[in-house]
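These notes are about the structure you will find just below.
The values are calculated or read from the model by the stated rules, or taken from the named source; none is laboratory data. Everything quoted here is computed from the prediction, not taken from an experiment. No Cβ is skipped: glycine too gets one built from the backbone with ideal geometry, and neighbour counts run over all protein chains shown. Side chains included, ligands, DNA and RNA excluded: accessible areas come from the protein's heavy atoms. Shrake-Rupley method; radii C 1.70, N 1.55, O 1.52, S 1.80 Å.
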Amino acid sequence: MRRAVTVAAALIVKNEARFLEGCLESLQGRVDEIIIVDTGSTDATVTIAEQAGVKLLHRAWRDDFSEARNTALDAVTCDWVLYIDADERLRLEEGETLGEKIDPEAIGAFVRFRPKTGYTRYRELRLFRSDPRIRFRGRIHETIWPSIWRIIGDAPSLLANTSVEIDHLGYDGDQSHKHPRNLPLLERAVREEPDRVYYWHHLSETLAALGRLKEAEAVALQGLTRAEKDLSVKQRADASLLVQTLVRLQMQRGESPIDMIRRGLARVPEDHALLFFLGRALLDAGRPDEAMQIATRLRQIDESTLQDGLLAFDYAVFREKACELAAIACLRLGRKQEAAAHFAEAARFAPDETHYGLKARALGARAS
């Protein structure tokens, strides 16, 4: 039986009193050390950390997430590091410790990460050896990938998958308060690291959320151009997010996004969000037979098989939204009874969305 490695959880926080206690509860008894770097909290964050008995450090905030995270890494005394945020929760089976889940021969390891309630999981590199060569880079959306790649070189087998799960709660609810803070950091980030595609994606999304739609589209197109230089799996996945943004902007303007969607799917055929957009666009283009085929494909996807990919998807894409797509396609094909059944199925998936049940009953479906 292999020796379980020791693991330190490393967090950076500022005014996270609402989330921190729940995060620490998920870590207690699962890791060997908890290190928190506070960057200037004015709420009860520091008190909560002190009462939990963690190793608490203080560092002034300098608009640099990597600097704060690397301060935490410098204080680690364990074999491995889990980097986690206050608004995230570690999920393990009862009695399990994190060190038992790690291959000690690896350099880094992926967890199954849920970015938002109601979404599928995807692979995210959150575990790595405590090694002075491994440090974060980037003022925002900080990453350890450059450090990891320098070490593993041509040996990707040194990266392991795990069954460890992390749930992120911070994207639930309104995010508009973050946009003014993030915008200048993202604008600086794309100047300093223009080949990192995810920066372009987040900048484009932020501009769109602020109503600056033309700028958002221009930024997304610039990001796609940058993505052409790097065909790595991660960059392709991030480029697919840019395509999703462009598709939404085109649809808002009443333009057909079919060409853009097909361009994205040619690069990342497993982007099921784009596939759903294609179904909607085909309906708008008067091609319900093809839209129906896509709805059927989406309903047949086993969501549990997606958790080791690099993209996360709203469960609704495979459930009620796919059913609604099928129902509308059936209506346009004159298949009223089938449409009623699809709306009824959508209502079972999303009982709070009362319009599905109303449409099903209007079309003659029996109440369930």
Checklist line | Hey, Q300 open to solvent by 40 Å² or more (accessible area, probe 1.4 Å) and either at positive phi or polar (S, T, N, Q) (or both) or not | finding: yes
Item checked: The lone exception for L221 - which of (1) in contact with a Leu (Cβ under 9 Å, 6 or more places away or on another chain); (2) assigned to a loop (DSSP other than H, G, I, E, B); (3) open to solvent by 50 Å² or more (accessible area, probe 1.4 Å) it fails -> (2)
Item checked: First in the stretch 81-103 and more than 16 Å from S163 (Cα to Cα), second anywhere and among the polar types (S, T, N, Q) and open to solvent by 10 Å² or more (accessible area, probe 1.4 Å), Cβ under 6 Å, 6 or more apart -> V81/S130
Next item on the list: Six or more apart or on different chains, Cβ under 7 Å: which pairs go from a residue in the stretch 127-142 that's free of Cβ contacts under 8 Å to residues at least 24 places away in the same chain to one that's part of a loop (DSSP other than H, G, I, E, B) and buried (at least 17 other Cβ atoms within 10 Å of the Cβ)? Could you list them?
Entry: none
Note to self: Let me spell it out: the conditions are (1) assigned to a loop (DSSP other than H, G, I, E, B); (2) more than 19 Å from the chain's Cα centre (by Cα), and D172 meets all of them except one. Which number is the exception?
What the structure shows: (2)
Checklist line | Candidate set from the stretch 73-94 (those that are acidic (D, E) and part of a loop (DSSP other than H, G, I, E, B)); member that is surrounded by the fewest Cβ atoms within 10 Å (Cβ to Cβ) | finding: E94
Checklist line | Among (1) of a type outside the set (A, V, I, L, M); (2) open to solvent by less than 60 Å² (accessible area, probe 1.4 Å); (3) modelled with pLDDT of 95 or more; (4) more than 19 Å from D131 (Cβ to Cβ) - the single one E50 does not satisfy | finding: (2)
Note to self: What's the number of the only condition in (1) in contact with an Asp or Glu (Cβ under 8 Å, 6 or more places away or on another chain); (2) assigned to a helix (DSSP H, G or I); (3) surrounded by fewer than 18 Cβ atoms within 10 Å (Cβ to Cβ); (4) small (G, A, S) that S240 fails to meet?
What the structure shows: (3)
Notebook entry, point to check: Taking interchain pairs and intrachain pairs at least six residues apart, which have beta carbon atoms under 6 angstrom, with the first residue in the stretch 28-46 and over 22 Å from L82 (Cβ atoms) and the second surrounded by fewer than 18 Cβ atoms within 10 Å (Cβ to Cβ) and among the aliphatic types (A, V, I, L, M)?
Noted result: D43/A17; A44/A17
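Suppose we keep only residues that are within 20 Å of L306 (Cα to Cα) and either of a type in the set (D, E, K, R) or at pLDDT 90 or above (or both) within the stretch 228-237. Which one would you say is surrounded by the fewest Cβ atoms within 10 Å (Cβ to Cβ)? Walk me through it before giving the result.
First, pick out the residues of the stretch 228-237 that are within 20 Å of L306 (Cα to Cα): 232-237.
With the extra rule that they be either of a type in the set (D, E, K, R) or at pLDDT 90 or above (or both), the set shrinks to 234, 236-237.
Working: K234: 16, R236: 18, A237: 22.
Among those that are within 20 Å of L306 (Cα to Cα) and either of a type in the set (D, E, K, R) or at pLDDT 90 or above (or both), it is K234.
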Next item on the list: Could you pull out the residue among T97, T117 that is out of contact with any Phe, Trp or Tyr (no Cβ under 7 Å at 6 or more places or on another chain) and either among the acidic types (D, E) or open to solvent by 50 Å² or more (accessible area, probe 1.4 Å) (or both)?
Entry: T117
Next item on the list: Output the number of residues of the stretch 26-72 satisfying the condition of being in a loop (DSSP other than H, G, I, E, B) and among the basic types (K, R).
Entry: 3
Margin query: Can you tell me which condition E33 does not meet? The list is (1) of a type in the set (D, E, K, R); (2) under 28 Å from E94 (Cβ atoms); (3) within 23 Å of the chain's Cα centre (by Cα), and all the others hold.
Written below: (3)
Item checked: Residue match in the stretch 353-366 (condition: basic (K, R), out of contact with any strand residue (DSSP E or B) (no Cβ under 9 Å at 6 or more places or on another chain) and not in a helix (DSSP H, G or I)) -> yes
Notebook entry, point to check: Of (1) surrounded by fewer than 21 Cβ atoms within 10 Å (Cβ to Cβ); (2) at pLDDT 95 or above; (3) within 26 Å of the chain's Cα centre (by Cα); (4) not small (G, A, S), F313 satisfies all except one. Which?
Noted result: (1)
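Could you please find all residues in the stretch 205-217 being open to solvent by less than 50 Å² (accessible area, probe 1.4 Å) and not polar (S, T, N, Q)?
So in the stretch 205-217, the residues open to solvent by less than 50 Å² (accessible area, probe 1.4 Å) come out as 206-208, 216-217.
Once the filter is applied, which keeps residues that are open to solvent by less than 50 Å² (accessible area, probe 1.4 Å) and not polar (S, T, N, Q), the stretch 205-217 yields L207, A208, A216, E217.
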Next item on the list: Could you grab me the full set of residues in the stretch 248-295 that are over 17 Å from A316 (Cα atoms), over 24 Å from the mean Cα position of the chain (by Cα) and of a type in the set (G, A, S)?
Entry: G254, S256, A281, A285, G286
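Suppose we filter S130, S147 for residues that are touching a strand residue (DSSP E or B) at 6+ places or on another chain (Cβ under 6 Å), open to solvent by less than 50 Å² (accessible area, probe 1.4 Å) and among the polar types (S, T, N, Q); which single one remains? It would help to see each step written out before you state the result.
Working: S147 fails: touching a strand residue (DSSP E or B) at 6+ places or on another chain (Cβ under 6 Å).
One residue alone meets the criteria, S130.
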